[in-house]
Amino acid sequence: MDDSIRQWWNSVPLITKYLFAGAGGLTLAANFGLVSPMSLVLSWPALVHKYQIWRLITPFFFMGQLGFPFLVNMVFLYRYSSALEMGTFLNRPADYLFMLLFGGFFLLLIGLYMQMYTLGMGLIMMILYVWSRKNPNVDMSFFFGLRFKSAYFPWVLMGFSLLMGGFPLAEIIGVIVGHIYFYLEDIYPLTGGRRLLHTPQFLLNFFGQRPLQRPFENANVPQRAGHNWGTGHALGR
């Protein structure tokens, strides 16, 4: 492996590394015929009657057909997952993994109810939404020179999807799940409520992480990641 690629890969935070490798590897394997795509999608009959429990995980990593949307999704997954893991969740991998598991649980419930086959886009939008709420004042730009604050980024993406003739169902679900997490983790404690979300002890033990001492984080103060993710970046180019 080239030294520059190795250095980049070594710089990717741990959980983002597994998310990125899992999504890229599984999607490539399915598109090149190494595994059947239909064996990866979410299916209630296959779960219940055939006990194919891996379908509880693979829908988050199978991104569908190769193409430009796949590349964009992979870029978003890498960029905003890294930004969260190296910013808000710096030195808190157990808390970040718990956020993903929390969101994944709700995405699975909604996906089963609405008969959705893949959940990767929903997970990416959840990550992106939480990042945008944790970092609401980053200057961003999109196609045709449109400039906006990062707090509006999820809505810009959904609006663009509508303009392209699609309906952003997975994106909407991801935003809803992301808001549930953000409300319980940041907004509700600020209103005087109890902090309802607690990272399980076994995750803290696994990563050697101490429990978070603060009851909540200040959701109104933008947090800086290890890199300047998104500032002035022309996403539509």
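Side notes on the structure shown:
- Any chance Leu71 is within 20 Å of the chain's Cα centre (by Cα), open to solvent by 50 Å² or more (accessible area, probe 1.4 Å) and more than 26 Å from Ser150 (Cβ to Cβ): no
- Here Ser4 meets each of (1) more than 30 Å from Asn91 (Cβ to Cβ); (2) over 20 Å from the mean Cα position of the chain (by Cα); (3) of a type outside the set (Asp, Glu) with one exception, condition (1).
- Any helices (runs of 4 or more DSSP H) falling wholly within segment 1-90 and containing at least 1 residues that are in contact with a Leu (Cβ under 6 Å, 6 or more places away or on another chain): 14-31, 44-49, 68-86
- Some residue of segment 211-219 being under 16 Å from Leu84 (Cα atoms), modelled with pLDDT of 90 or more and among the acidic types (Asp, Glu): no
- A single entry from Thr58, Thr16, Thr88, Thr27 fulfils the requirement of being at negative phi, buried (at least 18 other Cβ atoms within 10 Å of the Cβ) and at pLDDT below 95: Thr88.
- Per the listing Met140, Met158, the residue uniquely among the hydrophobic types (A, V, I, L, M, F, W, C) and within 21 Å of Leu169 (Cβ to Cβ) is Met158.
- Counting only residues that are under 23 Å from Tyr96 (Cβ atoms) and in contact (Cβ under 8 Å) with a residue 40 or more places away in the chain, segment 64-86 holds 13 of them.
- Cβ-Cβ contacts under 6 Å between residues 6 or more apart (or on different chains), taken from a first residue in segment 38-63 that is closer than 17 Å to Phe106 by Cβ and of a type outside the set (Asp, Glu) to a second residue that is open to solvent by 70 Å² or more (accessible area, probe 1.4 Å) and part of a loop (DSSP other than H, G, I, E, B), are listed as Leu42/Tyr117.
- Close pairs from segment 178-191: first without any contact (Cβ under 8 Å) to a residue 24 or more places away in the chain, partner open to solvent by less than 50 Å² (accessible area, probe 1.4 Å) and not small (Gly, Ala, Ser), Cβ under 9 Å, at least 6 apart: Leu184/Phe102; Leu184/Arg195; Leu184/Leu197; Tyr188/Arg195
- Selection status of Leu128, surrounded by 14 or more Cβ atoms within 10 Å (Cβ to Cβ), modelled with pLDDT under 95 and either of a type in the set (A, V, I, L, M) or not in a strand (DSSP E or B) (or both): no
- Residue in segment 7-24 that is nearest to Ala94 (Cα to Cα), counting only those that are without any contact (Cβ under 8 Å) to a residue 24 or more places away in the chain and of a type outside the set (Ser, Thr, Tyr): Lys17
- Residue within segment 137-160 that is crowded, with 16+ Cβ neighbours inside 10 Å, at pLDDT below 90 and among the hydroxyl-bearing types (Ser, Thr, Tyr) present: yes
- Only one entry of Ser39, Ser11, Ser82 meets the criterion of being polar (S, T, N, Q), on the phi < 0 side of the Ramachandran plot and buried (at least 19 other Cβ atoms within 10 Å of the Cβ), and that entry is Ser82.
The values are calculated or read from the model by the stated rules, or taken from the named source; none is laboratory data. For clarity, every value in this text was computed on a predicted model and none was experimentally measured. Backbone-built Cβ (ideal geometry, glycine too); neighbour counts: all protein chains shown. Ligands, DNA and RNA are excluded from the accessible area calculation, which covers all protein heavy atoms including side chains. Shrake-Rupley method; radii C 1.70, N 1.55, O 1.52, S 1.80 Å.
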